[in-house]
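Undergrad: Please read through the structure below; I'll follow up with questions.
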Amino acid sequence: MKFQTLLTVGLIISAGAASAQDLPAGYPADYSSLIDKANAEGSLLIYTNLSEDNIRPVVKAFNETYPDIKVESLEMGPSEAFTRYRAEEGTNVSSADILIANTIVDWTSALKQGLVMDYQSPEKANLPDWSHPFPGLYTFSTDPMVTIYNKMTVPEDLRADTMEGLLTNITTHADVFAGKVGTYDGRYAFGGALNYAFIQKHGDQAWKWFDAAGPSIKPGGGAGAMIERTLSGELSASYFVSAPVVWSKMGDGLDAIIDWNFPKDGTVVFPRGIGITGKANHPAAAKVFLDFILSQKGQEAVGEGNLTPYRPGLEVKRELSYSLDEVAKAVGGEENLIIINYDHKMIDDNAAFTARWSKAFNM
């Protein structure tokens, strides 16, 4: 676990604070009183699986507008964020005001248990409906999953930019791919959500692809491990790899060995949830922070953190970073995005789905 203290810029920019805290356009008239309360609270605490590199630009941008609110973030596993808050709730321990994590199962359980505040953000009308699936639950970023190839072991004509092409090549070019393709393990929450969404998009055809190629695929490990194994040549390719992790490493010379693409017949997108805890110690500061994240400026800062903002019309002015609109354009339209939703059916179907997936992948 890594402790991060992220208030660093308040004193530097405080001279511009008064004008910066003018009421945002379109917000209710009484929002200024919420800002006053947030400033009086003066701080907030976040539990998240975001890295410091991801969240630092967001906090910096927030403090340019709200320099009197100290933001602290604790980095931990996505499920741990919920487990820790659940254990601390109702005690005298200072606990999270905001949760940010990419785990469908834990958000669903937390909502059912009333651990998330039902807050209606004034930014809600500016966002896609799918981005706020339940009262109080919003989307921080949308992380696309890409396919990566080792250029040294996979000829350019076999670096397919579709899932159908990749899965077909695995079976027809066993000399290149057999036993040398990585992905997330579909028996666990994150990998299960990716695979379930892909099956929902392609139906029985996807099961046929998995049945044929699955025995030649070696699921397991996270994005970092898949990149390292592909870089070393242990793997020829990996799919459903988190794009922000890939992009963050390309500047280190990874592009000399690794090629990557968005699958044009279905790029899976994982929405990273954000919500205010039900018993937040700093509820006004948490509301102001959440509203900022959902705003144009907040989403631009999400892009600066090497993640994928989703507010419509936004472009990321940074090399090797994309907004969701730009990802959609790259794959030929929104119809080629597979945005994972919070459908309870995914959880209800989990046992049967896991058994079917395990059979296809011989696990």
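The values are calculated or read from the model by the stated rules, or taken from the named source; none is laboratory data. These figures come from a predicted structure and were not determined experimentally. In this analysis, Cβ positions are derived from the backbone assuming ideal geometry, glycine residues included, and neighbour counts consider all displayed protein chains. SASA here: full protein model, heavy atoms, side chains in, ligands and nucleic acids out. Shrake-Rupley method; radii C 1.70, N 1.55, O 1.52, S 1.80 Å.
Undergrad: Quick one: would you say SER358 is open to solvent by less than 80 Å² (accessible area, probe 1.4 Å), touching a helix residue (DSSP H, G or I) at 6+ places or on another chain (Cβ under 7 Å) and not hydrophobic (A, V, I, L, M, F, W, C)?
TA: Against the criterion (open to solvent by less than 80 Å² (accessible area, probe 1.4 Å), touching a helix residue (DSSP H, G or I) at 6+ places or on another chain (Cβ under 7 Å) and not hydrophobic (A, V, I, L, M, F, W, C)), SER358 does not qualify.
Undergrad: Now, a different point. Looking at (1) surrounded by fewer than 18 Cβ atoms within 10 Å (Cβ to Cβ); (2) within 24 Å of the chain's Cα centre (by Cα); (3) in contact (Cβ under 8 Å) with a residue 24 or more places away in the chain, which one does ALA197 not meet, given that it meets all the others?
TA: Status for ALA197: all satisfied but (1).
Undergrad: Among the residues of the stretch 326-344, which ones are free of Cβ contacts under 8 Å to residues at least 40 places away in the same chain and over 18 Å from PHE190 (Cβ atoms)?
TA: Matches in the stretch 326-344: GLU326, ALA328, LYS329, GLY333, GLU334, GLU335.
Undergrad: Now for a different question. Please enumerate the residues belonging to the stretch 201-224 that are within 21 Å of the chain's Cα centre (by Cα), modelled with pLDDT of 95 or more and in a helix (DSSP H, G or I).
TA: Residue satisfying the conditions is LYS201 alone.
Undergrad: Let me ask something else. Mind listing just one residue for me: the one in the stretch 327-349 that is at pLDDT below 95 and open to solvent by 80 Å² or more (accessible area, probe 1.4 Å) and, of those, farthest from MET145 (Cα to Cα)?
TA: Restricting to residues being at pLDDT below 95 and open to solvent by 80 Å² or more (accessible area, probe 1.4 Å), the top hit is ASP348.
Undergrad: Going by what's in this entry, would ASN39 be described as of a type in the set (S, T, N, Q), more than 20 Å from the chain's Cα centre (by Cα) and open to solvent by less than 10 Å² (accessible area, probe 1.4 Å)?
TA: no
Undergrad: Of these, ARG311, ARG229, ARG272, which one is farther than 25 Å from GLN120 by Cβ and modelled with pLDDT of 95 or more?
TA: Residue meeting the stated conditions: ARG229.
Undergrad: Something else about it: Which members of the stretch 160-188 meet the condition of being farther than 15 Å from LYS264 by Cα, of a type outside the set (Asp, Glu) and outside any helix (DSSP H, G or I)?
TA: Passing the criteria: HIS173, ALA178, GLY179, LYS180, VAL181, GLY182, THR183, TYR184, GLY186, ARG187, TYR188.
Undergrad: Could you list, in sequence order, the residues of the stretch 90-108 that are closer than 16 Å to LYS279 by Cα and either open to solvent by 10 Å² or more (accessible area, probe 1.4 Å) or more than 22 Å from the chain's Cα centre (by Cα) (or both)?
TA: Hits for the stretch 90-108 are GLY90, THR91, ASN92, VAL93, SER94, SER95.
Undergrad: If I ask for residues that are open to solvent by 10 Å² or more (accessible area, probe 1.4 Å), of a type outside the set (Gly, Ala, Ser), farther than 20 Å from ILE339 by Cβ and in contact with a helix residue (DSSP H, G or I) (Cβ under 7 Å, 6 or more places away or on another chain), which ones from the stretch 176-194 would you list?
TA: Hits for the stretch 176-194 are VAL176, ASP185, ARG187.
Undergrad: Out of the stretch 109-139, which residues are among the acidic types (Asp, Glu), part of a loop (DSSP other than H, G, I, E, B) and either touching a Phe, Trp or Tyr at 6+ places or on another chain (Cβ under 7 Å) or open to solvent by 70 Å² or more (accessible area, probe 1.4 Å) (or both)?
TA: Within the stretch 109-139, just ASP118 meets the criteria.
Undergrad: Oh, and also: Going through the stretch 161-175 one residue at a time, which ones are touching a helix residue (DSSP H, G or I) at 6+ places or on another chain (Cβ under 6 Å) and open to solvent by less than 20 Å² (accessible area, probe 1.4 Å)?
TA: Within the stretch 161-175, LEU167, ILE170 qualify.
Undergrad: Continuing with the same structure: Check LEU235 against each of (1) part of a loop (DSSP other than H, G, I, E, B); (2) open to solvent by less than 10 Å² (accessible area, probe 1.4 Å); (3) out of contact with any strand residue (DSSP E or B) (no Cβ under 8 Å at 6 or more places or on another chain) and name the one condition it does not meet.
TA: Only one criterion is unmet by LEU235, namely (3).
Undergrad: Something else: Scan the stretch 256-294 for residues that are open to solvent by 10 Å² or more (accessible area, probe 1.4 Å) and over 30 Å from THR65 (Cα atoms) and report the count.
TA: So the answer is 8.
Undergrad: Given the conditions (1) free of Cβ contacts under 8 Å to residues at least 60 places away in the same chain; (2) open to solvent by 20 Å² or more (accessible area, probe 1.4 Å); (3) in a helix (DSSP H, G or I); (4) out of contact with any strand residue (DSSP E or B) (no Cβ under 9 Å at 6 or more places or on another chain), which single one is not true for LYS249?
TA: Against the list (1) free of Cβ contacts under 8 Å to residues at least 60 places away in the same chain; (2) open to solvent by 20 Å² or more (accessible area, probe 1.4 Å); (3) in a helix (DSSP H, G or I); (4) out of contact with any strand residue (DSSP E or B) (no Cβ under 9 Å at 6 or more places or on another chain), LYS249 comes up short only on (4).
Undergrad: So, in the stretch 62-76, of the ones that are assigned to a helix (DSSP H, G or I) and open to solvent by less than 10 Å² (accessible area, probe 1.4 Å), which residue ends up farthest from ALA101 (Cα to Cα)?
TA: ASN63
Undergrad: May I pose another question? Could you identify the single residue in LYS249, LYS264 that is under 30 Å from GLY220 (Cα atoms), modelled with pLDDT under 95 and out of contact with any Leu (no Cβ under 6 Å at 6 or more places or on another chain)?
TA: LYS249
Undergrad: Then there's this: Identify the single condition in (1) surrounded by fewer than 22 Cβ atoms within 10 Å (Cβ to Cβ); (2) assigned to a loop (DSSP other than H, G, I, E, B) that ALA87 does not satisfy, given that it satisfies every other one.
TA: Only one criterion is unmet by ALA87, namely (2).
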